[in-house]
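Taken together, the values in this text are just the output of simple stated rules run on the coordinates, not laboratory data. Every value quoted in this text rests on a predicted model; they were computed, and no experiment measured them. Here the Cβ positions follow ideal geometry from the backbone for every residue, glycine too, while neighbour counts run over all protein chains shown.
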Amino acid sequence: MEPEVWGDESEIVAEVVGLIARRITRASDPKTTARPASELAGEAGRTITAAGLGATEALRIFEDVLVPATRAQDDPYNLAYVPAAPTKAARAFDAVVSSFNIFAGIWEAGAGAIFAENEALRWLIELLGWPDSAGGCFVSGGTIGNLSALVAARSYVRRQRGHDAARAILCTFDAHSSIIAAARVMDVEVIVAEEDERGHLTGPAARAALDEHPEVFAVVASAGTTNGGVVDDIADIADVCTQFDVWLHVDGAYGGAGLAAPSVRWRFDGIERAHSFIVDPHKWLFAPYDCCALIYRDVALAQAAHAQHASYLDAVNREVWNPADLAVHLSRRARGLPFWFSLAVHGTDRYIAAIEQTLSTARAIADGIRTVPTLDLLLEPELSVLIFERPGWTDEDYHRWSTRLAQEGLILCVPTVWQGRTTLRLALVNPATRAAHVIDILRETTAPDQP
Ligand SMILES: Cc1ncc(COP(=O)(O)O)c(C=O)c1O
């Protein structure tokens, strides 16, 4: 029985379900954009009231005022930062996951959901080539995934070699900002190794840094840097990590999807020897926010670091699979289920085809940029990020161009800084993006007579 206090909510549910169906089957509007809170307050009015607005009015405000002030992350021409491209199946199933309100922290509460999440993780573990000892869980994003992996790494190394052997993390300047954030939270140092001219961490650079810094307990290799989309020399770094007996964590938050793509799989060689890995299905594995797969080669090491213990948790059976024991969290939704459902429905072959299609589009855009006289391609895509410039433009020109194209809903492409200078950057994760369309826009809007 519904508690009397809420009244009969069945009509509210029907209205909300109607909105879900409408939203998922409709294309997003690329012109939607952020607005000042003062304007939103003016249009939405006061939304939290003693009597309540009722569902129809609350939904009207949401659809007419609030949603238009959010960016369409999944638009095929949103190529800024790292966009998203969830399948309709995954988005629909995300609503299902919420409707079941499963507690997926511990097996006794969420066994069925956790089983399915583990099926999806198993596909990734097979791609990694890791043994049966491997396992993990889904966390909110790459930031918490990286933090959790590095906490497990430190805990392991401290147990092996004592406190002083675990005071620093090694990575490059191009490692994601969440590594620096993790180090800050953990109160450890970051040693920045030299990178090569394209932005890779190499084996020799890792060796030189480790020689000098015995306090390093983990090396972070990027499997797809955010800025340049380059994959560090994982095999050589793995050799060095073995030699120095330090933990190798691979941050594949953006690029890890490439593991499934035969055309670029070789770039990940050596990953079979890493200790931990993350990939965000909400980036290039066609799942909605928020979803990061965090995987350890030896899941027991994660349990030793993360399991929470208290008298009120004594009843929890630790002999079974408890995702709560594997990261910095306790309560959790089964956020891996939309990814699992989409994989189960579409199959891994379609996933592989979708990733390969994105890679081909990135290569076609790179080829197209080479034919545009006003543009210079600065970085051949290793995965699906492109860096290029418009010689003659100032910082201001880049920003004005980016804002104008966003306002016109043509393409979302924001400037970045590459090797000290302002450039343009595209990141592709959406198989629906068409190279010819992107090239046409770039050609027309960067022509000398353009504002
Ligand atoms: C390589 C890399 N690592 C980590 C992250 C952080 O992921 P999240 O935003 O899901 O916390 C990102 C985000 O873009 C990333 O590209």
- With the contact rule set at Cα under 8 Å and sequence spacing of 6 or more, what percent relative contact order holds for the chain? 20 percent
- Task: Measure out, as a whole number of angstrom, how far apart the alpha-carbon centroids of the stretch 163-202 and the stretch 363-386 sit.
- Result: 29 Å
- Along the stretch 430-441, Karplus-curve 3J(HN,Hα) (6.51, -1.76, 1.60; θ = phi - 60°) to the nearest Hz, with x for Gly and Pro, reads 10, x, 7, 5, 9, 4, 4, 5, 5, 5, 4, 5
- Fewest-first ordering of V82, V96, V188 by Cβ atoms within 10 Å yields V96, V188, V82
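If we count other beta carbons within 10 Å of each Cβ, what is the order of F93, F115, fewest first?
Placing the least packed residue first, the sequence is F115, F93.
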- Tell me which residues come under 5 Å, amide H to amide H, from N78 once H is placed; ignore anything under 5 positions away on its chain. L412
- Query: Between R23 and A51, 0.36 nm times their residue separation minus their Cα-Cα distance comes to what?
  - Reply: 7.3 nm
- Message: For G136, what residues show an amide H to amide H distance below 5 Å, using hydrogens built from the backbone and excluding near sequence neighbours?
- Response: Y296
- MRE, 222 nm, helices only [DSSP H, n ≥ 4, -39500 (n - 2.57), over the chain, to nearest 500]: -13000 deg cm²/dmol
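Hey, with R₀ at 22 Å, roughly what FRET efficiency would R159 and A181 work out to, going by the Cβ-Cβ distance, to 0.05?
0.35
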- Note on the structure: Taking the square root of 5λ for each eigenvalue of the C-alpha gyration tensor of the stretch 130-268, the equivalent ellipsoid has semi-axes, largest first and in whole angstrom, of 21, 18, 15
- Residues whose placed amide H lies under 5 Å from that of A334, excluding near-sequence neighbours: I102, A104
- Item | Stretch in the chain that is longest and holds no GluC sites (Glu not before Pro) that DSSP places in a loop and that have at most 10 other beta carbons within 10 Å | 1-196
- Points 7 angstrom from Cα along the Cβ direction at A111 and S99: gap in nanometres? 2.5 nm
